[in-house]
Amino acid sequence: MYCRKSFYCLKLMCSLLLVVSILSSCGSTKSDEADVFRFNMSGKALESLDPAFAKDQYTMWSAHMIYNTLVESDEHLHLVPSLAKSWEVSKDGLVHTFHLRSNVYFQDNPLFTDGAGRKMTAQDVVYSFERIINPKTASPGAWIFNDRVTEEYPFVAVDDTTFQIRLNKPFRPLPEILSMPYCSIVPREVAEKWGKDFRTHPCGTGPFKYHTWSEGTVLVLHKNENYWQKDEQGIQLPYVDAVKVSFANSKATEFFLFLQGKLDFVNELDGSFKDLVLTKKGALKKEFTDKINLNKKTYLNTEYLGFLTDTTNKLLKNSPLKNVLVRQAMNYAIDRKKIVTYFRNGIGVPANSGFIPQGMPGYDSTNSYGYYYNPQKATALLAEAGYPNGEGISTIKVLTPDIYADIVNFVANQLNDVGIPVQVEIMQSNILRQQMSKSEAVFFRAQWIADYPDAETYLVFFNGNLPAPPNYTRFNNARFNLWYDEAMLSRNDSLRWDLYRKMDSLVTRSAPVMPLFYDEMTHFTSKRVSGFKSTPMNLIDVKYVKLKN
């Protein structure tokens, strides 16, 4: 008889033997790429080096190395100058003015005079942003400006170093949104020359310039010798000579290459290695501490189960899920700490404080609202809802991609324990997203990752004036919508964050979602690496990396 558990154990034993073998040989060979930072992109293929299509992690990482945005978010979520050295907002909140650096040049390119890099000006910013919203570009980042900027002259170059964005109505997080890689600045002559093929002929102002890309095999970026930024000691960045990206599809292969000294950085582990490498508290096991480094940091990603709450939808006609007391009961029935400990090896934080994750301004650090594990409370709420011990509740289906099946099955078992029968249905991710967008998913597993460093990116998820995406639960509350609009008008960050917490509290009480955990990043680097940085949106920064040989 086939035994899946036995096969999994055998796979782990083989993996362990291979890891031990590799560990015993670590350091036996020297890299012939002494000043090259090497990492791998596994799974989903890198599709483009055009920042207008920076919709996934790998494209964002690549864009961040080749290009710059007007502003950036640092590792503490502070908005810091980049191509813009300063900025201000008009009193009515409708005009954002950015003052640009005068010493920034695009990377050398044959389309510039004598092939030398051309100076960047405000006209390049105008072009780059107009390109994003141009339907011919078909950028997935067009939502950033669509319905927000004026129809006439939304982007204005006042002079070479002064740029303005003009809005239809105030939107306080606009500068934070401009830190997204979509908003990278590109030169008109290069982008228009190559059109759709700009994806393989990138040119920006960033720390690294394009050298070669054999799709699916290797991407090589060289140091931009004319990069504008210097460190605090006045030394020009970046420090390393080049970045080399491989494309081994398997996360397991990626980790083996890392242990063999052929890679300098790995983002997260293949699930089969977590028990081999990490303790249940999320630390490196002692046999790895002198071989590799682990940097565990906040990742602005809330993992959750969502409910469809639109009571006009026929799918909810006889569903107990339209009752807020049932949804609250389900939230109390879940032991989030066990999820983080046993399914995540201590990576993450139990989501006991609403939808806004830990690390984001607006997060409720006081635990004044949210849900904790209390099955007795869950049982009491079910009785109050008219379902004592779950009597009268027919089986509820929860939809999930296969990759999350273990956690969702655990949740289903805990819900069954309090009398709520739940059946797990595995579904392809793309089909599930389609059902969520069409309001055909009543109970579903998903995640919400911050697009930019402002909690509005989480609260817009519940804005009743918006469709799906982003409002997959179809939550609609007049008071919430009013507070949302008020927050967008506020020029006082403290008041805005207070409104954010009030909105998050209201949503939590209404329970359109079951937050499971706030994620954490696990970045593994080789012992030769120092200076590696990343933001809580998991945007890596290589320009400060130094390599020991």
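The values are calculated or read from the model by the stated rules, or taken from the named source; none is laboratory data. Given the structure is predicted, the values throughout are model-derived calculations rather than measurements. As a convention, Cβ positions derive from the backbone with ideal geometry for all residues, glycine included, and neighbour counts pool all protein chains shown.
Annotations for the structure displayed:
- Pairing residues of region 376-402 that are more than 17 Å from VAL324 (Cα to Cα) with residues that are acidic (Asp, Glu), at Cβ distances under 6 Å and at least 6 apart in sequence or on separate chains, gives LYS397/GLU425; LEU399/GLU425.
- Filtered residue count, region 73-95, keeping only those that are surrounded by fewer than 17 Cβ atoms within 10 Å (Cβ to Cβ) and assigned to a strand (DSSP E or B): 6
- Test for SER139: is it at pLDDT 95 or above and part of a loop (DSSP other than H, G, I, E, B): yes
- Region 434-461, subset without any contact (Cβ under 8 Å) to a residue 60 or more places away in the chain and in a helix (DSSP H, G or I), residue nearest to PHE355 (Cα to Cα): VAL460
- Residues being modelled with pLDDT under 95 and part of a loop (DSSP other than H, G, I, E, B) are represented in region 154-169 by at least one member.
- Answer from ALA478, ALA455 - the residue that is small (Gly, Ala, Ser) and either buried (at least 20 other Cβ atoms within 10 Å of the Cβ) or not assigned by TED's automatic domain parsing to the domain that holds ASP402 (or both): ALA455
- Region 451-480: number of residues that are among the hydrophobic types (A, V, I, L, M, F, W, C) and at pLDDT below 95: 2
- Being crowded, with 21+ Cβ neighbours inside 10 Å and modelled with pLDDT under 95 is a property that holds for ARG496.
- Test for GLY271: is it among the small types (Gly, Ala, Ser) and on the phi > 0 side of the Ramachandran plot: no
To keep it simple, each residue is scored yes or no on (1) in contact with a Leu (Cβ under 8 Å, 6 or more places away or on another chain); (2) farther than 25 Å from ASP241 by Cβ; (3) assigned by TED's automatic domain parsing to the domain that holds TYR182; (4) of a type in the set (A, V, I, L, M, F, W, C).
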| position | (1), (2), (3), (4) |
| --- | --- |
| THR59 | yes, no, yes, no |
| LEU70 | yes, yes, yes, yes |
| LEU77 | no, yes, yes, yes |
| TRP87 | yes, yes, yes, yes |
| ASN103 | no, no, yes, no |
| MET120 | yes, no, yes, yes |
| SER128 | no, yes, yes, no |
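- Only a single criterion out of (1) closer than 19 Å to ILE396 by Cα; (2) in contact with a Lys or Arg (Cβ under 9 Å, 6 or more places away or on another chain) is not satisfied by GLN435, namely (2).
- Number of positions in region 13-71 that are modelled with pLDDT of 95 or more, hydroxyl-bearing (Ser, Thr, Tyr) and touching a Ser or Thr at 6+ places or on another chain (Cβ under 7 Å): 4
- For beta carbons closer than 8 Å, sequence separation of 6+ or different chains, a first residue in region 110-121 that is assigned to a strand (DSSP E or B) and a second that is surrounded by fewer than 18 Cβ atoms within 10 Å (Cβ to Cβ) and at pLDDT 95 or above, the qualifying pairs are LYS119/SER102; LYS119/TYR105.
- Filter result (part of a loop (DSSP other than H, G, I, E, B) and hydrophobic (A, V, I, L, M, F, W, C)) within region 472-513: PHE475, ALA511
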